[in-house]
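This report refers to the structure that appears directly beneath it.
The values are calculated or read from the model by the stated rules, or taken from the named source; none is laboratory data. Note that the structure is a prediction, hence the values are computed from the model and not measured. Neighbour counts are summed over all protein chains in view; Cβ atoms, including those assigned to glycine, are modelled from backbone coordinates with ideal geometry. Note: areas computed on protein heavy atoms with side chains; ligands, DNA, RNA excluded. Shrake-Rupley method; radii C 1.70, N 1.55, O 1.52, S 1.80 Å.
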Amino acid sequence: MPRHRTAMGRSTRTQGAGTERGGAEGMAPCPFAVDDRTIAGHAQDIRLRLYRPLIGLAVPALLYLHGGGFTSGSLEEAEETAAAIAAGTPALVVSVGYSLAPAHPFPTAAQDAYRAALWTAETAPSLGVARGGLGVVGYDAGGHVAASLTFLARDLGGVSLAAQALLGPMLDPSLTRASRGGIGDADGKGGAKTRLLDSTIADCARCYRAYLPEAAQRLHPYAAPLESRRLGGLPPALIVTAQNDMLRTEAEQYAAGLIAAGVPTEVTRFPAISHDALPGHRPALQAVTDFLRRRLPAART
């Protein structure tokens, strides 16, 4: 559906809820307007895409941070997932086109997310956002960026985060917790599957090298959330994992760390699906919207 330009750096359109690879099908229908904005980022201007439910109520707001291993991904690729979350919650979803590595390494993506959160909080009155804090949802590298954002918001202030939902997040640059057995193979006897998984570990290592080109950066708490020993004061969390995902162990260990630090945390693992399937998996998206409805301020007149 074409957009109609309304102002420099901004465009709008109206549509109904869509699906990503069939994943969001069956979620609560809700028409929404789509509005593109451009704001100043950490190193360059960044694009935001707003999904605004047309229900005549003030709704909560959240950021969505796409996947792509820090080096790829876009607002366009994230559109169906962001739209499904906007419709299913319902909430104003701000999808963030954060700067990508290797041209823009750490901490650019995290700082872009922080600036997007500040912009959303500051613009909230004109966006019809309910008071009570923002949420953040991130998938894959976007889960890493979302976790970094929760640290920045806690440490720097300026914005209140009421909830975080991480889907198959990348949290451990050392990759020491990544499964090297076959995908979904508890005893590690995966044959060809093991070789496939090893190549995926190599891909993750390449992505981390692009985002964290200096070895010292990989020890920074904002760059290695799983290594952080200061997890207290972070927003309530939902950690969503896939059984057939080499990143499952580190995500679930991060959930354990949050629980030990006193952060209200829920963990949901989905069997028989892969990492790539998570952002379009209907039950996973339903788990996210259920969590957000409980943790974010309710929509109201």
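Among the conditions (1) closer than 27 Å to Ala91 by Cα; (2) basic (Lys, Arg); (3) surrounded by 15 or more Cβ atoms within 10 Å (Cβ to Cβ), Arg294 misses just one, which is (3). Filtering region 201-224 to residues that are open to solvent by 30 Å² or more (accessible area, probe 1.4 Å) and either in a loop (DSSP other than H, G, I, E, B) or closer than 28 Å to Leu156 by Cβ (or both) leaves Arg209, Pro213, Glu214, Ala215, Ala216, Gln217, Arg218, Leu219, His220, Pro221, Tyr222. Contact map, region 147-165: residues that are acidic (Asp, Glu) paired with residues that are open to solvent by 20 Å² or more (accessible area, probe 1.4 Å) and part of a helix (DSSP H, G or I), Cβ distance under 6 Å, separation 6+ or inter-chain. No pairs are found. Among the residues of region 250-273, those identified as farther than 19 Å from Cys207 by Cα and touching a residue at least 40 places away in the same chain (Cβ under 8 Å) are Gln253, Tyr254, Ala272. The set of residues in region 261-280 being of a type in the set (Gly, Ala, Ser) and in a strand (DSSP E or B) consists of Ala272, Ser274. If I filter region 24-32 for residues that are of a type outside the set (Asp, Glu), open to solvent by less than 60 Å² (accessible area, probe 1.4 Å) and at pLDDT 85 or above, do I get at least one hit? So far as region 24-32 goes, yes, one or more of its residues are of a type outside the set (Asp, Glu), open to solvent by less than 60 Å² (accessible area, probe 1.4 Å) and at pLDDT 85 or above. Listed by first and then second residue, the pairs with beta-carbon distance under 8 Å, at least 6 apart or on different chains, first residue in region 225-249 and part of a helix (DSSP H, G or I), second of a type in the set (Val, Ile, Thr) and buried (at least 22 other Cβ atoms within 10 Å of the Cβ), are Arg248/Thr241.
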